1. Condition first: touching a strand residue (DSSP E or B) at 6+ places or on another chain (Cβ under 7 Å), surrounded by fewer than 20 Cβ atoms within 10 Å (Cβ to Cβ) and part of a loop (DSSP other than H, G, I, E, B). Can you find one or more residues in region 246-260 that meet it?
2. Quick one: A391 ticks every box in (1) among the small types (G, A, S); (2) in a strand (DSSP E or B); (3) closer than 15 Å to G370 by Cα except a single one, so which number is it?
3. Regarding region 222-231, can at least one residue be identified that is within 23 Å of K304 (Cβ to Cβ) and either of a type in the set (S, T, N, Q) or not assigned by TED's automatic domain parsing to the domain that holds S159 (or both)?
4. So which of V325, V312 ends up being surrounded by fewer than 20 Cβ atoms within 10 Å (Cβ to Cβ), of a type in the set (V, I, T) and over 23 Å from Q108 (Cβ atoms)?
5. Select, from S199, S218, the only residue that is at positive phi and not assigned by TED's automatic domain parsing to the domain that holds S423.
6. Among the residues of region 44-64, is there at least one that is within 30 Å of G160 (Cβ to Cβ), touching a helix residue (DSSP H, G or I) at 6+ places or on another chain (Cβ under 7 Å), modelled with pLDDT of 95 or more and not β-branched (V, I, T)?
7. Right, I240: of a type outside the set (D, E, K, R), assigned by TED's automatic domain parsing to the domain that holds A163 and part of a strand (DSSP E or B) or not?
Amino acid sequence: MNRWVVVVTVALASVLAAQAPVPVDARFEKFFAAESPADAAAVAAEIASAGVDFEAAYARLTKGRTYLDEKRGEYSLRWRSKSGPFFNNVVEVPADYDPSTPLQLRVQLHGGVGRPSPNAVAPGRPSGGDKPSGGTGGDKPSGLSNRIAGEKQIYLHPSGWAAAQWWDEEQIDNILRAVDTLKRKYNIDESRIYITGISDGGTGVYYLALKEPNLWSSYLPLNGSIAVIRHPGNGADGEIYGNNLANAPLYIVNGENDPLYPVSQVEPHITWFQALGVPHVFRPQAGAGHNTAWWPTERDPFEKFVREHARVAHPAKLSWETERVDKFNRIRWLVINELRQDAGRDTTLKDMGFFQHTKRSGRVDVVRTGNAFEAKTRDVAAFTLLLSPDAIDFSKLVTVTVNGKPAFSGLVTRDAATLLRWSARDNDRTMLYGAELRIAP
């Protein structure tokens, strides 16, 4: 072969190689290496545009990433808050953590959230957080520990203060970001991520259950009170709806002689939970104050409750209410998209009056039986059902009724782009959705 032919052949091969599509496996490695949901979403769009097969994508997402040998012991995840101080989220990883074995994650919220931030302030930024919120005021009687020992698991201790309380929107974003960061590094069992907290932290557990429920398997508020976030002076972000606890298994501990939240004050809340049908266990501690002296005897039933309440990724029955559609509008596979005052609404869907409401809200209660969805709505113009191959049969008709009237009947096509987009957002091997079904009754 002449030399010029060799040169042209090599040049042509180089051009073809440059134009060759990146193998799907390599794109998925890039997807799993993404450091945030936004980064993962950009890669997800690339994979979808490459024409990946749905079954191949589903199998790869179910398998998940290959976990590396990450840092063990105690360290912090830190990033700046809007008010100036840094969120200082303390992580504890067992010394014998094995990347090949999924491990449980406990998120534990501390008390005294009405105090100024103890964390460093960024140069040139105001410190904020010097004014008490009107909550518990950071009371910490002798014997109240902000950390309690538990089984082998990864621990996350977020940081909160007066300008970033557990019931502040920015704080919720901080907690979600910290959990997502850990899920991208460690082999965390997505069905066993639970949240607990003490004093103000216990109150924060209620707020997470009421506003942002998608991560959690169970909720264990200790020495806290849901009444704190009911009081307008405590500044809880957004409206609160009691029926949002319908899918929140609660393990509640309060002391008989607690000067802040005694059992006698909490018992009416328990009666309200019972009327709402909220799944709960109440563990009043005889003679106990605002402390954790009861932990040695309470630890076993606490851990047993956690073990018995793995998260159900696709529960057959859901209820959710919200006053906004840009955030806090989703529970698992149900998303509320649009609100309106609707003369045809189901007027039986009411909160039972524990919280005061000043804004219009919409509510959806929905039950799935096989491929059939039966929904009741109040003041909702549109909502979306996220359909998972783990929950429905895409080869059969899907039917939806709303307030007793047919709203949809037909076959739904699985879509790789939808699968990838929600996977990028949720970062969850067990909660995958093959289609979105928007219902506008």
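1. Within region 246-260, one or more residues are touching a strand residue (DSSP E or B) at 6+ places or on another chain (Cβ under 7 Å), surrounded by fewer than 20 Cβ atoms within 10 Å (Cβ to Cβ) and part of a loop (DSSP other than H, G, I, E, B).
2. A391 satisfies every listed condition except (2).
3. Yes: region 222-231 contains one or more residues that are within 23 Å of K304 (Cβ to Cβ) and either of a type in the set (S, T, N, Q) or not assigned by TED's automatic domain parsing to the domain that holds S159 (or both).
4. Answer to the selection: V325.
5. S199 is the lone residue from the list that is at positive phi and not assigned by TED's automatic domain parsing to the domain that holds S423.
6. no
7. Criteria not met by I240.
Table: residues versus (1) of a type outside the set (G, A, S); (2) surrounded by fewer than 19 Cβ atoms within 10 Å (Cβ to Cβ).
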residue	(1), (2)
N337	yes, yes
Q341	yes, yes
Q356	yes, yes
D365	yes, no
V380	yes, no
P389	yes, yes
A417	no, yes
Y433	yes, no
E436	yes, yes
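The values are calculated or read from the model by the stated rules, or taken from the named source; none is laboratory data. This is a predicted model, so every value here is computed, not measured. Note that we place each Cβ from the backbone using ideal geometry, even for glycine, and neighbour counts take in every protein chain shown.
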